[in-house]
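The block underneath contains the structure these notes are about, expressed in structure tokens.
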Amino acid sequence: MTAGGLTPRGRSLRQRSGMVEDRIWARLRGGAVDGWKVRRQHPVGPYVVDFACMPLRLVIEIDGGVHGRDDVVLRDHLRQQAIEALGWTVVRFTNDQVLAEPARIDAAIREQAMALGL
């Protein structure tokens, strides 16, 4: 599927997002973390990721309860490897982590910027 074909999917996912994703989006939108712009439900290769910071080539994935199932864990692992092979860094957080410590996402963005010397 081409990136153009993923745009409607990303739009659909944004419209159906859950409460945790909405909270994180409210925290990240408009470059709220040190001016780093983040896109929501953005295509990266053949995938649509939860959040992507293009200049940092950072993908932030938020995993709900279904991500604990063995088949989903395997699919997530393979998907993450494919995204990383495209030159992206992927960080994953559970819904519980995000709700308990939302600043962890800010820290991940800052750590990636520092790792890149930006």
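The values are calculated or read from the model by the stated rules, or taken from the named source; none is laboratory data. Here the structure is a predicted model, which is why all the values come from computation and not from measurement. All Cβ positions, even for glycine, are placed from backbone atoms using ideal geometry, and neighbour counts span all protein chains on display.
Of note:
- Members of segment 22-59 that are outside any helix (DSSP H, G or I) and touching a residue at least 60 places away in the same chain (Cβ under 8 Å): Val33, Asp34, Trp36, Val38, Pro55, Leu56
- Flag if Val48 is crowded, with 16+ Cβ neighbours inside 10 Å, closer than 24 Å to Gly117 by Cα and under 12 Å from the mean Cα position of the chain (by Cα): no
- Number of the exception - Asp63 against (1) of a type outside the set (Ser, Thr, Tyr); (2) touching a residue at least 40 places away in the same chain (Cβ under 8 Å); (3) touching a Ser or Thr at 6+ places or on another chain (Cβ under 6 Å); (4) more than 22 Å from Leu118 (Cβ to Cβ): (2)
Residues are listed down the side, and each one gets a yes or a no for (1) closer than 24 Å to Met19 by Cβ; (2) acidic (Asp, Glu):
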| site | (1), (2) |
| --- | --- |
| Val38 | yes, no |
| Glu61 | yes, yes |
| Val72 | yes, no |
| Leu78 | no, no |
| Leu116 | no, no |
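- Conditions (1) of a type in the set (A, V, I, L, M); (2) at pLDDT below 95; (3) assigned to a helix (DSSP H, G or I); number of the one not met by Ile62: (3)
- Count of residues meeting criterion [closer than 24 Å to Leu86 by Cα, surrounded by 11 or more Cβ atoms within 10 Å (Cβ to Cβ) and modelled with pLDDT of 55 or more] in segment 1-20: 2
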